[in-house]
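Here is the structure we will look at.
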Amino acid sequence: MPLDAKPPAPLTATAPPASATTTPTTGEGQTLRQGDSGAEVRKLQRLLAARGAYDGEINGQFDKHLKTVVSKFQRDHGLRVENLGTYGPKTRKALEG
């Protein structure tokens with residue numbers, strides 16, 4: 001190696017980008033939760049907005065405000081769900097069905 005050459009940079013592992021994180025379920029769509037983003041979250045925001053339940057920005061971000069709105073929807077509709085504030089099969093059926 002020449003005296004003026006720099007040693008190669010060490011290799012480091014990088015995590016994949018978290019641009020559209022969701023937790024899939026089987027058969028009935030994805031279970032969405034705070035921190036998720038993407039087209040399915042935008043769809044959820046639009047559905048809730050159409051019912052007058054969501055007044056936030058339609059931006060595809062499952063943030064704290066959207067979690068609060070989903071939780072309220074679940075309580076208002078008597079949905080017994082394992083994780084309050086997540087958009088899973090029972091909540092999806094109630095909102096979309």
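Restricted to the stretch 52-80, and to residues there that are among the acidic types (Asp, Glu), under 20 Å from residue 37 (Cα atoms) and exposed (fewer than 14 other Cβ atoms within 10 Å of the Cβ), the residue that is nearest to the chain's Cα centre (by Cα) is 57.
Looking across the stretch 27-51 at every residue that is at pLDDT 95 or above and of a type in the set (Gly, Ala, Ser), the one that is surrounded by the most Cβ atoms within 10 Å (Cβ to Cβ) is identified as 37. Look at the stretch 68-97: where a residue is without any contact (Cβ under 8 Å) to a residue 24 or more places away in the chain and under 18 Å from residue 56 (Cβ atoms) and a partner is among the hydroxyl-bearing types (Ser, Thr, Tyr) and in a helix (DSSP H, G or I), sitting 6+ places away or on another chain with Cβ atoms under 7 Å, you get 74/91. Can you find a residue in the stretch 11-26 that is modelled with pLDDT of 95 or more and touching a strand residue (DSSP E or B) at 6+ places or on another chain (Cβ under 9 Å)? No.
The values are calculated or read from the model by the stated rules, or taken from the named source; none is laboratory data. This structure is a prediction, so every number in the text was calculated from the model and none was measured. Glycine also receives a Cβ, built like all others from the backbone with ideal geometry; neighbour counts cover every protein chain displayed.
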